[in-house]
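Shown next, in structure tokens, is the structure this report addresses.
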Amino acid sequence: MKGTVTLGGSPLAGAVALAVGESDSVSLQSGEDGRFEGWMRRPPHAFVMAEVRSDNPRLQRQVELRDIEVKDSGLELDVRLKDVSLSGRVVDDEGNPVPNALVTAEATPHTFLGSVTASADKLGRFMIRAVPEGPMTVWPYHDRFPAAPTVDVDTTGGRSVADLQLVLSRGRTLRGQLLSGEGEGVPGAEVIL
């Protein structure tokens, strides 16, 4: 098996292309020219699932490659990722950055291949590259905050979306006492909201 990985038409160096056939998989690393080469016991017949991971730029994306043709020389794959991105900041309800928040973007309607995640930096900034085209729902997560509202965006036609501001609210504290019918405290009770 051999092929190339590109992002927006440029070679993606150092990317790991994990191709999965019917019963086999192989993990390969692309060179500076975006090319990778390796061996797979049993080549796939109709399609390949490829997962591309890179540290520069930071991305992880699954791609379904259909209508694969196996030639006498072996399987040749070209994994072409469009350079469509989502970027912005994750802040709390007072406008302070939320470092290390996770930002997830998921295709709507949900598909197996349509979910991508990135981590915000120490200033709350994030960028998700190689996102699928089409309607997407985006939301932030951090374990110090309750669930956040989602934001709908559309990358149809390869349009990147910049300057998203995702707000995590600290929520409110609920305090009280659980009383029995006789007005006495109930020890060990659990309150679920």
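The values are calculated or read from the model by the stated rules, or taken from the named source; none is laboratory data. Computed from a predicted structure; not experimentally measured. Cβ sites come from the backbone with ideal geometry, for glycine too, and all protein chains shown count toward neighbours. The accessibility values were calculated without ligands, DNA or RNA, using every heavy atom of the protein model including side chains. Shrake-Rupley method; radii C 1.70, N 1.55, O 1.52, S 1.80 Å.
Of note:
- Test: residue in the stretch 95-108 that is open to solvent by 80 Å² or more (accessible area, probe 1.4 Å), on the phi < 0 side of the Ramachandran plot and either free of Cβ contacts under 8 Å to residues at least 40 places away in the same chain or of a type in the set (D, E, K, R) (or both): no
- Annotation: of all residues in the stretch 36-47 being touching a strand residue (DSSP E or B) at 6+ places or on another chain (Cβ under 8 Å) and surrounded by fewer than 16 Cβ atoms within 10 Å (Cβ to Cβ), the one that is modelled with the highest pLDDT is Glu37.
- For Arg61, the criteria (1) modelled with pLDDT under 85; (2) touching a strand residue (DSSP E or B) at 6+ places or on another chain (Cβ under 8 Å); (3) basic (Lys, Arg); (4) open to solvent by 80 Å² or more (accessible area, probe 1.4 Å) hold in every case but one, which is (4).
- Every condition in (1) in contact with a Ser or Thr (Cβ under 9 Å, 6 or more places away or on another chain); (2) crowded, with 19+ Cβ neighbours inside 10 Å holds for Val90 except the one numbered (1).
- The set of residues from the stretch 127-184 being out of contact with any strand residue (DSSP E or B) (no Cβ under 9 Å at 6 or more places or on another chain), more than 24 Å from Asn56 (Cα to Cα) and either surrounded by 11 or more Cβ atoms within 10 Å (Cβ to Cβ) or in contact (Cβ under 8 Å) with a residue 24 or more places away in the chain (or both) comprises Gly157, Gly171.
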